[in-house]
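Scroll down for the structure; my scribbles are underneath it.
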Amino acid sequence: MTYTQLALTAVPLVIIFDLYVTRSRVLKRKSFWNAYAILVFFQLITNWWLTSREIVMYSPDAILGVRIASAPAEDLLFGFALILCVMNMWVFWGKKGIQKK
């Protein structure tokens, strides 16, 4: 499976996980989108730094070839999936922790 395929699979899976499995609905919160805007800014800087210096390299056969800030566009998709998944679990487990015993 290529990096493109993994990224394109991860995004809908984590959206389903958020909206229907945990029902945290993080995607529907303004706070998520505010936090994501901050995180994606730093993701682009980090991706640019790592890929432009060839610290991280991608096989041309595994990516589409479209680059944003010197990194494959797939990095934004994969980063979105990771950030949403982590925030979703944080909210989900946080709700479970505040239940009365």
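The values are calculated or read from the model by the stated rules, or taken from the named source; none is laboratory data. None of the values given here were measured: they were computed from a predicted structure. All Cβ positions, even for glycine, are placed from backbone atoms using ideal geometry, and neighbour counts span all protein chains on display. These accessible areas exclude ligands, DNA and RNA; they are computed on the full protein's heavy atoms, side chains included. Shrake-Rupley method; radii C 1.70, N 1.55, O 1.52, S 1.80 Å.
For the range 14-29, enumerate the residues that are assigned to a helix (DSSP H, G or I) and surrounded by 13 or more Cβ atoms within 10 Å (Cβ to Cβ). Walk me through it before giving the result.
Going through the range 14-29, the residues assigned to a helix (DSSP H, G or I) turn out to be 14-21, 26-28.
Within the range 14-29, VAL14, ILE15, PHE17, ASP18, LEU19, VAL26, LEU27 meet the criteria.
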> How about the range 40-69: which of its residues are small (Gly, Ala, Ser) and surrounded by 15 or more Cβ atoms within 10 Å (Cβ to Cβ)?
Replying inline: ALA69
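Can you give me the number of residues within the range 83-94 that are more than 21 Å from ALA7 (Cα to Cα), open to solvent by less than 100 Å² (accessible area, probe 1.4 Å) and free of Cβ contacts under 8 Å to residues at least 12 places away in the same chain?
Here is the first cut: in the range 83-94, the residues more than 21 Å from ALA7 (Cα to Cα) are 90-94.
From the residues that got through so far, the ones that are open to solvent by less than 100 Å² (accessible area, probe 1.4 Å) too are 91-92, 94.
After this cut, where a residue has to be free of Cβ contacts under 8 Å to residues at least 12 places away in the same chain as well, the list is 94.
Residues meeting the conditions: 1.
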>> Out of ARG53, ARG29, ARG23, ARG67, I need the residue that is at positive phi, of a type in the set (Lys, Arg) and modelled with pLDDT under 95. Which one?
In response: ARG23
>> With the requirement that a residue be in contact (Cβ under 8 Å) with a residue 24 or more places away in the chain and outside any helix (DSSP H, G or I), what does the range 60-82 give you?
In response: ASP61, ALA62, ILE63, LEU64, ILE68, ALA69, ALA71, PRO72
> Is one or more of the residues making up the range 79-100 modelled with pLDDT under 90 and of a type in the set (S, T, N, Q)?
Replying inline: yes
